[in-house]
Amino acid sequence: MKVALPPTHEALTVDEVGTALRLSRFKVYDLIRSGALPSFKEGRCRRIPADALATYMNNKMKEAA
């Protein structure tokens, strides 16, 4: 199952990812620290590429199948 994200979002904030996955900020940061969810920093801001989130969600769907 392919997950579609809005084409206007190429990089998401931690809060946007948390909302999309219905997870807390702490859990999103935990996924980033563990390497399960790639991210980058621009200044003090942490961003998650939209395609990285889509890949993460698709991998979780494959694991669940």
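Quick check: at a probe of 1.4 Å, how many percent of the accessible area of the chain sits on carbon and sulfur atoms?
55
Taking the Cα atoms only, what angle lies between the long axis of helix 50-64 and the longest principal axis of the chain, rounded to 10 degrees?
Approximately 40 degrees, to the nearest ten.
Would you calculate a helix-derived [θ] at 222 nm for the chain, using -39,500 (n - 2.57) for each DSSP H run of n ≥ 4 and dividing by the full residue count, to the nearest 500?
-15500 deg cm²/dmol
Leaving ligands, DNA and RNA out of it, rank Phe26, Phe40 by accessible area with a 1.4 Å probe, largest first.
Descending accessible area places them as Phe26, Phe40.
Counting alpha carbon pairs within less than 8 Å and at least 6 residues apart, what relative contact order, in whole percent, applies to the chain?
41
Determine the gain in length on full extension of the stretch Glu63-Leu23; use 0.36 nm per residue of separation and subtract their C-alpha separation, reporting nm with one decimal.
My answer for the length gained is 12.5 nm.
Please list Thr13, Thr55 in order of solvent-accessible area, largest first, computed with a 1.4 Å probe with all protein chains present.
Solvent-accessible surface, decreasing: Thr55, Thr13.
Could you tell me how many degrees, from 0 to 90 and to the nearest 10, lie between the Cα long axis of helix 25-34 and the main elongation axis, the longest principal axis, of the Cα atoms of the chain?
Orientation of helix 25-34: about 80 degrees from the principal axis.
List the residues whose amide H sits under 5 Å from the amide H of Ala11, counting only those 5 or more places along or on another chain, with H placed 1.01 Å from N in the peptide plane.
Amide H neighbours of Ala11, under 5 Å, 5+ apart: Ala50.
The values are calculated or read from the model by the stated rules, or taken from the named source; none is laboratory data. The shown structure was predicted, so the numbers you read here are calculated from the model rather than taken from an experiment. Just so you know, the surface numbers come from the protein's heavy atoms only, side chains and all, with ligands and any DNA or RNA stripped out. Shrake-Rupley method; radii C 1.70, N 1.55, O 1.52, S 1.80 Å.
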